[in-house]
Each structure stands twice: as C-alpha cells, then as structure tokens.
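The values are calculated or read from the model by the stated rules, or taken from the named source; none is laboratory data. Because the structure is predicted, anything quoted here is derived from the model rather than measured. With ideal geometry, Cβ positions are generated from the backbone for all residues, glycine too; neighbour counts draw on all protein chains shown.
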Amino acid sequence: MSTSRKKSRKARASRESSKPSKRTIYTAIALVSACAVTAVAIGLSTGDSDDGGKDATAATGAQPSLPGALGADGKGAKGKNGKPKKTEEPWDGKVKVLGDGSTSYTGPQPNQPKAEKLKPGQQPPQFIVFSWDGALQGDDRLFSHFRQVARDSNAQMTFFLSGMYLLPKSKRELYRPPQHKPGSAAISFATDPHIRDTLEQLRGAWQDGHEIGSHFNGHFCGAKGGDDWSTEEWKSEIKQQYSFVQNWKTNTGYTDIDPLPFDYTKELVGGRAPCLEGQKTLIPAAKSFGWRYDASSPGDFQLWPSKIDDVWNFPLQLLPYPKSEKQVLSMDFNFLYNQSGDSTEGDPAKYDEWLKLTRGGYLNGFERVYNGSRAPMFIGNHFENWNGGIYMQAIEDTMREACPREGVRCVSFRQLADWLDAQDPAVLAKLRGLDPAQAPDWKTFLK
C-alpha cells in the first residue's frame with residue numbers, strides 16, 4: 001500500500017445524509033488528505049423535526065412479529081458458533097399470510113443469482129451495487145422509473161426503505177424515535193397516495209429480485225442522531241422498522257391492497273444509517289437481528305470489502321472527479337455539493353457541464369476497478385431531481401453503460417454478501433491487498 005493511500009485512508013469523509021427534499025441544507029466541510037481527496041457531504045432536514053424528547057425507545061401500537069428471528073428480548077436466534085441466524089423452513093408451495101395480512105411468505109425470492117466460488121486463475125466478476133435511500137414512490141415516480149432502467153440494464157439493486165414511509169401521518173405518534181418526542185421526524189411523513197404507491201413498488205421490486213433493506217425511520221442526524229444513540233436505542237429503531245412494514249394494514253386501514261410478498265424477518269439483512277452516523281453502536285444492534293452487512297460507513301477507497309465484528313462493511317467509495325485531483329464520495333449529495341454548494345437549484349446554465357462531470361466521476365470509478373482490482377463498486381442515491389435531475393440522469397447513464405459490459409454484475413448488497421460468503425477467506429484476503437487500479441495477472445494471482 002502506498003504511503004499516500006495510507007494517509008488518505010485516515011481522512012474520514014464527512015457524514016452523508018440520506019433523505020431529503022427541497023429543505024434546509026446543513027453541514028458542508030470535508031477533510032482533505034495527502035492525495036488531495038475531497039469528500040464533502042450535506043444533510044437535509046424538515047420542519048417536522050422535534051428533538052425535545054428524552055430516550056423514547058419503546059414502540060407503541062402494533063408491535064413487530066419476528067418468528068424465528070427474535071426472541072422476546074430482541075436477541076437473535078443463534079446458529080453455529082453462537083452466531084445470529086435467520087431460520088428457514090422448506091417451502092411447501094403455499095402462500096402464507098403473516099400477522100395482520102401486511103406481509104406474506106410466497107417462497108424464495110425470484111430472480112436470484114447463484115453464488116459460486118471463484119476457480120483458480122479466474123478473474124472475479126466486477127460487481128456494482130446501486131442503492132437508494134428512503135425508497136419512496138413520490139410524484140416524480142423515480143422508484144418505478146429506475147426499476148425499468150434496471151430491467152433494461154440487467155441490473156438488480158438495493159432499496160433502503162425508511163419504515164415510517166408506510167406509517168400515515170395521522171398515526172405518527174406510534175413512532176417513538178430514540179431521544180426525540182413521539183411522532184417527531186427529520187423527514188416528512190408520506191401522504192396516503194404515496195404510501196399506496198410505495199407499497200406497489202416494494203412488491204414489484206422484490207418480485208424483480210431487488211433487495212428491500214433498511215434506512216431506518218426518522219432520519220435524525222447530528223445532535224441526538226445516530227452517533228448519539230446507544231445499541232439499545234438502535235435496537236428500538238430497528239424493531240420499529242419491522243413493525244411499520246409488518247403492520248401497515250393495521251396502521252393505514254387499507255383493505256384493498258394485497259400483502260407484500262415477502263417475510264420481512266427473512267428479507268431484511270442490512271441497512272444504511274441516515275447521514276452515515278452511528279455505525280459503532282449500530283453494528284452490535286444489527287448483529288443481534290441476524291443482519292449480514294452494514295452500508296453506513298462514511299467512505300473509503302475502492303477496496304475489496306472486509307467485516308466488522310463478523311458483519312460485512314460496505315462503505316461509500318471515493319471516485320476520481322473529472323478534470324481535477326479530487327476524489328468524491330460515490331453518492332449524489334457529494335457531486336451536488338462540489339457543483340452547487342448548499343443549493344439544490346444551482347445555475348441551469350451549468351447543468352450540462354455538471355451532468356458530464358457527475359457521469360464521468362461514476363464511470364472513472366468503474367473503469368478504474370473494472371480494469372484493475374475488480375473491487376466491488378458501491379453507489380448511493382436518492383430519488384430527487386436536484387439541479388434539474390442531472391444526478392438521476394447520470395445514474396441512469398452509468399447503469400446503462402456499465403451493467404451490460406462483459407464480466408459485470410449489477411447486484412444488491414445482499415447478493416454481494418452471498419457471493420463473498422461463498423469465497424475462500426484466503427482468496428478474499430489476497431484481493432484486499434490490491435490497490436483499486438492494480439490489475440494482476442489473474443491466471444496466476446488466484447491459485
């Protein structure tokens with residue numbers, strides 16, 4: 001590892017926020033490393049925020065039903081070596097409606113690739129994970145649009161659902177966020193039509209083979225946000241996400257919508273924390289639910305993944321920003337900040353240029369590892385039309401360009417975890433020693 005890379009890895013990217021709208025933007029400083037790496041992030045909040053409460057960690061109203069995943073104390077079921085596991089039973093071919101009818105078990109998820117172990121001398125696939133924070137189907141209908149882009153591009157993705165998007169505003173006080181008053185949130189509750197539309201998209205996305213992960217609930221950042229939460233408070237936040245997904249029928253009163261076609265206790269295996277805050281105390285909480293990965297790390301180079309306390313760590317990554325020595329975190333917010341600062345409505349005359357720079361940044365990162373170490377590439381997004389929608393266009397262009405390429409697999413985080421778990425640990429350790437652009441002789445590198 002080069003000296004400059006060692007120094008750069010010590011420079012932590014600033015915290016990334018994860019759901020938005022045209023609201024107040026705050027925060028804007030990044031650390032600059034010896035490699036002139038710039039990674040700036042912003043966070044957004046709404047007038048719905050209310051941080052006057054104290055340690056409200058117990059959910060009220062409908063509670064999550066987690067058979068086979070949790071005991072009454074919220075501790076995970078144990079498998080071999082005492083590790084948490086998700087219990088599975090053979091499917092008898094019959095649909096099983098669960099709980100109040102909000103979810104159901106319809107068998108193994110369709111359209112899933114088989115995880116295969118690398119053979120000696122084989123070049124690894126180039127994995128790309130496109131992920132979406134919040135996963136609300138709004139008036140712009142970007143959720144459904146990108147499902148179609150994925151179908152066109154032979155891609156599968158991860159949708160990090162904010163659980164409170166399935167909770168009507170009229171029932172907001174069922175949400176008891178840690179360290180905040182009941183019913184408070186830093187993002188807006190969804191309208192009834194948007195809840196209905198989001199349920200439709202979640203159903204279709206899962207059937208397409210996409211992953212439904214967690215973006216937790218109230219999107220609190222900064223003071224009394226994730227960095228300030230204890231492991232027990234994170235457990236409360238996670239339990240409430242399960243509850244909002246498993247009990248949306250009770251909470252909404254909708255009787256004309258079919259159950260979601262999955263058992264959320266089996267499907268939920270990872271998430272991304274709002275603003276990328278709190279990973280230290282979040283991971284023990286996530287592990288107790290049997291989760292397999294966490295995507296809340298603020299950022300790193302494009303390296304082969306490793307684990308934190310037996311949980312896969314999937315960070316945002318530093319990508320080469322065109323026409324500069326900078327590297328920018330692989331999320332739309334960071335490109336936005338480098339182009340229009342704290343404004344989501346910058347100078348329209350610059351949109352074409354900014355679009356080219358953003359698309360170029362994503363493709364630079366892709367080409368670096370595709371022709372180099374083949375480290376998986378992680379890209380984070382929000383369904384937002386900032387600066388005329390250029391960031392959505394850049395992602396679409398990148399997906400259509402990269403995913404069909406030979407040897408490329410655009411997958412979900414869960415699918416990537418499946419593949420990594422199927423590999424020889426010694427092989428993964430050797431891959432982690434490669435710099436992003438380092439292309440070994442694959443025929444002799446992995447023996």
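So which residues in the range 343-361 are under 20 Å from Ser324 (Cα atoms) and either modelled with pLDDT under 95 or among the hydroxyl-bearing types (Ser, Thr, Tyr) (or both), if there are any at all?
Matches in the range 343-361: Tyr351, Thr358.
Need pairs with beta-carbon distance below 6 Å; first residue touching a residue at least 60 places away in the same chain (Cβ under 8 Å) and among the aliphatic types (A, V, I, L, M) and within the range 253-269, second buried (at least 16 other Cβ atoms within 10 Å of the Cβ) and part of a loop (DSSP other than H, G, I, E, B); sequence gap 6+ or separate chains.
Correct list of pairs: Val269/Trp291; Val269/Arg292.
State which residue is farthest from Asp133 (Cα to Cα) when the search covers only the range 232-267 and only residues that are in contact with a Lys or Arg (Cβ under 9 Å, 6 or more places away or on another chain) and of a type in the set (Ser, Thr, Tyr).
Thr255
Considering only the range 213-234, I want to know if a residue exists there that is more than 29 Å from Val411 (Cα to Cα) and surrounded by 24 or more Cβ atoms within 10 Å (Cβ to Cβ).
Scanning the range 213-234, I find at least one residue that is more than 29 Å from Val411 (Cα to Cα) and surrounded by 24 or more Cβ atoms within 10 Å (Cβ to Cβ), so the answer is yes.
What number goes with the only condition from (1) over 15 Å from Gly278 (Cβ atoms); (2) within 19 Å of the chain's Cα centre (by Cα) that Lys169 does not pass?
(2)
Counting only residues that are of a type in the set (S, T, N, Q) and part of a loop (DSSP other than H, G, I, E, B), which one in the range 194-230 is nearest to Ala273 (Cα to Cα)?
Ranking the qualifying residues of the range 194-230, first place goes to Asn217.
What are the residues in the range 291-305 that are assigned to a loop (DSSP other than H, G, I, E, B) and either aromatic (Phe, Trp, Tyr) or farther than 17 Å from Tyr362 by Cα (or both), if any?
If the condition is that a residue be assigned to a loop (DSSP other than H, G, I, E, B) and either aromatic (Phe, Trp, Tyr) or farther than 17 Å from Tyr362 by Cα (or both), then Trp291, Arg292, Ala295, Ser296, Ser297, Pro298, Phe301, Trp304, Pro305 are the ones that fit.
Looking at this structure, is Trp132 more than 27 Å from Asp228 (Cα to Cα), aromatic (Phe, Trp, Tyr) and out of contact with any Leu (no Cβ under 7 Å at 6 or more places or on another chain)?
no
Please identify the pairs in which a residue from the range 91-110 that is closer than 14 Å to Trp206 by Cβ has its Cβ atom under 8 Å from the Cβ atom of a residue that is among the basic types (Lys, Arg) and part of a loop (DSSP other than H, G, I, E, B), counting only partners at least 6 apart or on another chain.
Close Cβ pairs satisfying both conditions: none exist.
Inspect all residues belonging to the range 162-172 and state whether any of them is modelled with pLDDT of 95 or more, part of a loop (DSSP other than H, G, I, E, B), crowded, with 24+ Cβ neighbours inside 10 Å and not charged (D, E, K, R).
Yes, the conditions are met somewhere in the range 162-172.
Take the conditions farther than 30 Å from Pro124 by Cβ, among the hydroxyl-bearing types (Ser, Thr, Tyr), touching a residue at least 12 places away in the same chain (Cβ under 8 Å) and buried (at least 24 other Cβ atoms within 10 Å of the Cβ) and apply them to Ser288. Does it pass?
No.
So, restricting to strands (runs of 3 or more DSSP E) that lie completely within the range 41-156, which ones have at least 1 residues that are within 30 Å of Trp442 (Cβ to Cβ) and at pLDDT 50 or above?
Counting at least 1 such residues, we get 126-134.
Count, please, the residues in the range 306-320 that happen to be farther than 15 Å from Gly380 by Cβ and either touching a Phe, Trp or Tyr at 6+ places or on another chain (Cβ under 8 Å) or not in a loop (DSSP other than H, G, I, E, B) (or both).
The total comes to 6.
Which one is surrounded by the most Cβ atoms within 10 Å (Cβ to Cβ), of the residues in the range 329-344 that are more than 18 Å from the chain's Cα centre (by Cα) and outside any helix (DSSP H, G or I)?
Thr344
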